[in-house]
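Just below is one structure, and these are the notes that go with it.
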Amino acid sequence: MFEATSTRILKAVFVTLFLGAALFVVAMNLFDPARAERLAMLERDHARMGTLIERAARDTARLEQELEALQTGLDGWHETARREDGMILDGEVIFHFPAD
């Protein structure tokens with residue numbers, strides 16, 4: 001089928017208006033002055049998150065080493081029980097010396 005010339009012109013105008021509006025929105029976002037501020041804020045947040053991730057990785061490695069020590073020997077369990085719960089082994093005697 002064929003289209004009337006006015007219909008083709010109307011479609012072309014709508015497509016042109018749509019593309020023009022899209023280009024206008026893109027251009028406004030690219031040249032927005034607040035864009036640089038947002039980018040700087042995102043870079044600061046990225047650096048802060050990187051620091052937090054590194055700290056968490058160090059803590060995780062330390063805790064994994066401590067867990068390994070606790071799992072492989074009784075000395076780790078005994079030391080933890082003494083330090084955190086005040087427990088002693090059978091036959092051990094605790095001496096308390098008065099402070100001067």
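Data overview
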quantity: Cα lying deepest toward the dipole's positive end in region 33-87, options G86, A69, I53, charges on Cβ; calculated: I53
quantity: Theoretical ellipticity at 222 nm over the chain - DSSP helices of four or more residues, -39500 (n - 2.57) apiece, nearest 500; calculated: -27500 deg cm²/dmol
quantity: Given charges at beta-carbon only (K, R positive; D, E negative), |dipole| of the chain in Debye; calculated: 1360
quantity: Residue order, fewest to most beta carbons within 10 Å, for F95, F31; calculated: F95, F31
quantity: Net lengthening on full extension, I88/R8 (0.36 nm per residue, minus Cα-Cα); calculated: 19.5 nm
quantity: Cβ-Cβ FRET estimate between L19 and L42, R0 fixed at 22 Å, reported to 0.05; calculated: 0.15
quantity: Normalised per residue, the volume of the convex hull around the Cα set of the chain (Å³); calculated: 265
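Quick note: the coordinates plus some simple rules give every number you see, no bench work behind them. Small disclaimer: the values here were computed from a predicted structure and weren't measured. Backbone-built Cβ (ideal geometry, glycine too); neighbour counts: all protein chains shown.
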